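Visitor: This is the structure, below, for whatever I ask next.
The values are calculated or read from the model by the stated rules, or taken from the named source; none is laboratory data. It should be emphasised that the depicted structure is a prediction, and the values quoted were computed from it without experimental measurement. Heads up, the Cβs are rebuilt from the backbone with ideal geometry, glycines too, and the neighbour counts pull from every protein chain shown. Please note that ligands, DNA and RNA were not included when accessible areas were found on the heavy atoms of the full protein model with its side chains. Shrake-Rupley method; radii C 1.70, N 1.55, O 1.52, S 1.80 Å.
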Amino acid sequence: IETLATVPTLVATARSTGRDVELRVRGAGDGIGPLAQLVVYRMVQEALANAARHAQDAPCVVDLDGTAADTFVASVRNAPAASGPPTPTPSRDGFGLLGMRERAALVGGRLDAGPDRDGGWTVRLSLPSEPPTPPRKETE
């Protein structure tokens, strides 16, 4: 199952390939429903795959921040590639970001992605927290 709880396994898998990936988790993300958790998982998965493809030797930081009451933020940032810019590859460039944006929109979120000032790349997903479900009243 692809949830916030399984993101550490995703990061461990990236590390097992020799990549330098750090995971930072703040807050529990309790207000994020199952579909939104899947969106977070898929965004992290795609962002790590893109970093491995375009900046293989660059360290990455995966940041999951559930400290705000109304918003959950997930980001993946890779530093600039030590080996220089990647050689552009034909095929499906850009569809990963498009898919991430579409999934974010499905759950009322927003995805931003782009280069940093220092030449790295950041993908940032902001999701609204779901309001707590009021307790059900028993009817007699």
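Visitor: How much accessible area per residue does the chain have, in Å², with a 1.4 Å probe? Mind dumping the intermediate values first?
Guide: Numbers: 8610 Å² over 140 residues.
Ligands and nucleic acids excluded, the result is 61 Å² per residue.
Visitor: Also, I was wondering about something else. Using the Karplus equation 6.51 cos²θ - 1.76 cosθ + 1.60 (θ = phi - 60°), what ³J(HN,Hα) coupling, rounded to whole Hz, does each residue of the range 63-70 give in order, writing x for Gly and Pro?
Guide: With the stated coefficients, the range 63-70 comes to 10, 10, 10, x, 7, 7, 6, 10 Hz.
Visitor: Using modelled amide H (1.01 Å from N, peptide plane; none on Pro or chain starts), what sits under 5 Å from the amide H of ASP57, excluding residues fewer than 5 places away?
Guide: So ASP57 has HN proximity to ALA82, SER83.
Visitor: Additional query: Please turn the phi angles of the range 25-39 into ³J(HN,Hα) values with the Karplus equation 6.51 cos²θ - 1.76 cosθ + 1.60 (θ = phi - 60°), one per residue in order, whole Hz, x for glycine and proline.
Guide: 10, 10, x, 8, x, 4, x, 9, x, x, 5, 5, 5, 4, 4
Visitor: Give me the percent of the accessible area of the chain that comes from carbon and sulfur atoms, probe 1.4 Å, all protein chains in place.
Guide: Numbers: 4780 of 8610 Å².
Its accessible area is 55 percent carbon and sulfur atoms.
Visitor: Take every Cα-Cα distance within the range 1-114, group them into 10 Å bins from 0 onward, and report for each bin the whole-number percent of pairs it holds.
Guide: P(r) for the range 1-114, in whole percents per bin: 14, 45, 33, 8, 0.
Visitor: Please list, in chain and number order, the residues 5+ apart from SER129 or on another chain whose amide H is under 5 Å from its amide H, with Hs placed from the backbone.
Guide: Correct list: THR71, PHE72.
Visitor: Just need the relative contact order of the chain here, percent rounded to a whole number, with Cα pairs under 8 Å and 6+ apart. Each step should come with its number before you reach the end.
Guide: Working: 229 pairs, mean separation 34.7, N = 140.
Relative contact order of the chain: 25 percent.
Visitor: Would you work out the charge dipole size for the range 1-80 about its Cα centre, treating the Cβ of every Lys and Arg as +1 and the Cβ of every Asp and Glu as -1, and quote it to the nearest 20 debye? It would help to have the intermediate numbers written out before the result.
Guide: Numbers: 7 positive and 9 negative charges, 40 e Å.
For the range 1-80, the charge dipole is close to 180 debye.
Visitor: About its Cα centre, what dipole magnitude does the chain give when the only charges are +1 on Lys and Arg Cβ and -1 on Asp and Glu Cβ, stated in debye to the nearest 20?
Guide: 240
Visitor: For the range 5-11, just list the computed ³J(HN,Hα) in residue order, Karplus coefficients 6.51, -1.76 and 1.60, θ = phi - 60°, integers in Hz, with x standing in for Gly and Pro.
Guide: Values per residue, Gly and Pro as x: 5, 9, 4, x, 5, 4, 5 Hz.
Visitor: Of the options VAL40, GLY27, SER83, report the single residue whose Cα projects farthest towards the positive end of the charge dipole of the chain (beta-carbon charges: Lys, Arg +1; Asp, Glu -1).
Guide: Of the candidates, SER83 comes out farthest on the positive side.
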